[in-house]
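A short write-up of the structure that comes next.
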Amino acid sequence: MKWFNRKSNLDEMQELKLLKIESRGFWIGFFGLFVAIAAQTFFYGAENVQHTLAGEFIVLMLMGIYLMGGCLRNGIWDRHLPATPVVNIGLSLLAAAIASLFNAVCSYRDYQSASGAFAVFIVYFFMLGTVLSVTLCICSALYHRKKRRLEEENTDEEN
């Protein structure tokens, strides 16, 4: 008796709906883990949760790496945003500003020093902005290279 059937029991419309459900489930899990990590870090302090958040952090990073690797391997960037340096730098600075603000608020909560919180914001902003910009630019270059290869393969097959 076969327990697992390789043939799909779904028609094309059901397959598309299932893919949409799976996609939404992935993003709910991804951002849910991110919010859980941020909330626990904010409420309990980074020094108190580093051991308890290891599992959530590992799962979040594996999900991110899988998504990034799968998209780059298949020549996919984004549905709405182009893979341009201006967009990459803008998004990097936005993400750096949000993360830096979070860390500055946590620093102010712990030490009640506005100047210290401002210094934390500046250091984190420049550090994260640089790392994220470089990372996105490298990923963008890999995407463009893969997309070019896929387009060349398609033109070779057509000829």
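The values are calculated or read from the model by the stated rules, or taken from the named source; none is laboratory data. Keep in mind that what you see is a predicted model, and the values were worked out from it rather than measured. Methodologically, a virtual Cβ is constructed for each residue, glycine included, from the backbone with ideal geometry; neighbour enumeration extends over all protein chains shown.
Which one is farthest from residue 151 (Cα to Cα) among residues in segment 71-117 that are among the hydroxyl-bearing types (Ser, Thr, Tyr) and not in a loop (DSSP other than H, G, I, E, B)?
Among them, the one singled out is 111.
Among the residues of segment 94-109, what is the count of those that are of a type in the set (Lys, Arg) and within 14 Å of the chain's Cα centre (by Cα)?
So the count comes out to 0.
Let's see how each residue does on (1) under 17 Å from the mean Cα position of the chain (by Cα); (2) more than 30 Å from residue 152 (Cβ to Cβ); (3) at pLDDT 85 or above:
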{"site": "35", "(1), (2), (3)": "yes, yes, yes"}
{"site": "46", "(1), (2), (3)": "no, yes, no"}
{"site": "79", "(1), (2), (3)": "yes, no, no"}
{"site": "83", "(1), (2), (3)": "yes, no, yes"}
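Do we find that residue 24 is at pLDDT below 85 and over 25 Å from residue 126 (Cα atoms) in this structure?
Judged against the criteria, residue 24 is not a match.
Could you please let me know if residue 120 is without any contact (Cβ under 8 Å) to a residue 60 or more places away in the chain, part of a helix (DSSP H, G or I) and under 21 Å from residue 49 (Cα atoms)?
yes
Among the residues that make up segment 16-34, is at least one of them touching a residue at least 60 places away in the same chain (Cβ under 8 Å) and surrounded by 13 or more Cβ atoms within 10 Å (Cβ to Cβ)?
No: segment 16-34 contains no residue that is touching a residue at least 60 places away in the same chain (Cβ under 8 Å) and surrounded by 13 or more Cβ atoms within 10 Å (Cβ to Cβ).
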